[in-house]
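One structure is given below, encoded as C-alpha cells.
Taken together, the values in this text are just the output of simple stated rules run on the coordinates, not laboratory data. This one's a predicted model, so the numbers in the text were calculated from it and none came from an experiment. Cβ placement follows ideal geometry from the backbone for every residue including glycine, while neighbour counts extend to all protein chains displayed.
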Amino acid sequence: MLDVRFVRNLNQISKKDTGIAGGKGASLGELINNKIPVPSAFVIFSNTFNFLLENNRIEIEAFFNKINYENINSIRKISKEIRDLILGIKITEEIKKDVLREFKKLKTKKVAVRSSATAEDSSIASWAGELETYLNVDHKNLFNAIKKCWASLFTPRAVFYRHEKRLDKDKISVAVVIQSMVQSKISGITFTANPVTKDRNQMVIEASNGLGEMIVGGKITPDRYFINKKDWSIVDISISRQKNMIIQKLTGWQIMKLAQLCHQIEKHYKYPQDIEWAIENNNFYILQSRPITTL
C-alpha cells in the first residue's frame, strides 16, 4: 500500500513535493502558501498512479525497451499500447472515495484537470505542451479525465520528448491537479524575462479573450505588452485581431497590476518565470508558474 495519502489539498504542498505532486502541483502549492492568488485545488499524488500500475500489473518500462526511436511508427505503436492500458485501468474504491471527498470540498461544479509530471518544469527541461489539461470537467467525467492525464505522459510526442531529453532511464511518474475552474474572460501568459531576446529587464505579457489554453496550444495570436522592469513603463504594445475586432485586452492598470504580481513570483523563485494567469470577476488568478528554459 501507499506510504502517504492518495490526495492532498494544495495548501499542504510546497516546492519540496515535486516527487509526489509533480512540477505543476508543487509550484502551485508553493505559490498559494506565499499568498499568491491561486484557484483552490487538490493533487492526486504520483504515488497513486504508481500504485494503480502495480495493482493492475502494468509494467511501463517493459514497453519502453521495445521502442525504436528512429521509427515514428514504432513510437506510435508502443505509445498507443501503453495509453490503452492506462485508460482501461481500474481505480480502487478507496482512491475514488478520497478524490470525491476533496472534489466536494472545492464547492464547484466544474474543474480543470491538469497533468503534473514528476520530472516537470526544471530550469533545463519543461513539459509545457507535452501533457494534457482538461477544462470544465464535472464529477461525472472526473475519473475519465484523470485517466487521460495519466495516459498523456505516454503520447508519442511526450515519449519522444523524454528520449530527446535523455530521461529514458529516469523514473518519471505523473500527478494530477484538480483545480477549481476559472471562467475567465481574459487570460494569458507572462514571461518575466523576454524569452526571445533573453533580456531579463524586460517582461512580456501575452493576453487573449477566453481561456488560456488557446494561447498555450498556439491556436491564436495574443496581444503582447512589453514592460521595462526598471521603471515599469510599457515600452511596446502589439494588439491582435480576435473575433473580427482589434481591441486591447488589458487596461494599463491591469497590465501594471499583473506585471507586479508576476515580478513577485519571480523574486520568490529567484529565476525568470513562465506564468499562466486568468481574470475572473476583475481578479487575477495564477494557474501555473515554471522556469523559462530558453535563457
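What to note about this one:
- Rounded Å value of the spacing that divides the Cα centres of segment 250-280 and segment 58-85: 40 Å
- Computed over every Cα-Cα pair of the chain and binned at 10 Å starting from 0, the pair-distance distribution P(r) comes out as 6, 28, 33, 23, 9, 1 percent.
- Taking Cα atoms only, the orientation of helix 46-55 departs from the longest principal axis of the chain by about 20 degrees.
- Cα long-axis angle, helix 18-32 against the chain (0 to 90 degrees, to the nearest 10): 30 degrees
- Spatial separation of Cα centroids for segment 9-36 and segment 130-160, in angstrom: 20 Å
- Ordered by the number of other Cβ atoms lying within 10 Å of each residue's own Cβ, fewest first, 204, 176, 159 fall into the sequence 204, 159, 176.
- Cα long-axis angle, helix 93-105 against the chain (0 to 90 degrees, to the nearest 10): 20 degrees
- The packing ranking of peptides 284-294, 65-75, highest mean first, is 284-294, 65-75, where packing means the average number of other beta carbon atoms within 10 angstrom of each residue.
- The alpha carbons of segment 7-180 occupy a box of 47, 36, 25 Å along the principal axes, longest dimension given first.
- Charge tally in the Cβ shell below 10 Å around residue 138, where Lys, Arg are +1 and Asp, Glu are -1, residue 138 excluded: +3
- Charged-residue dipole, Cβ positions (Lys, Arg, Asp, Glu), the chain about Cα centre, Debye nearest 20: 520 debye
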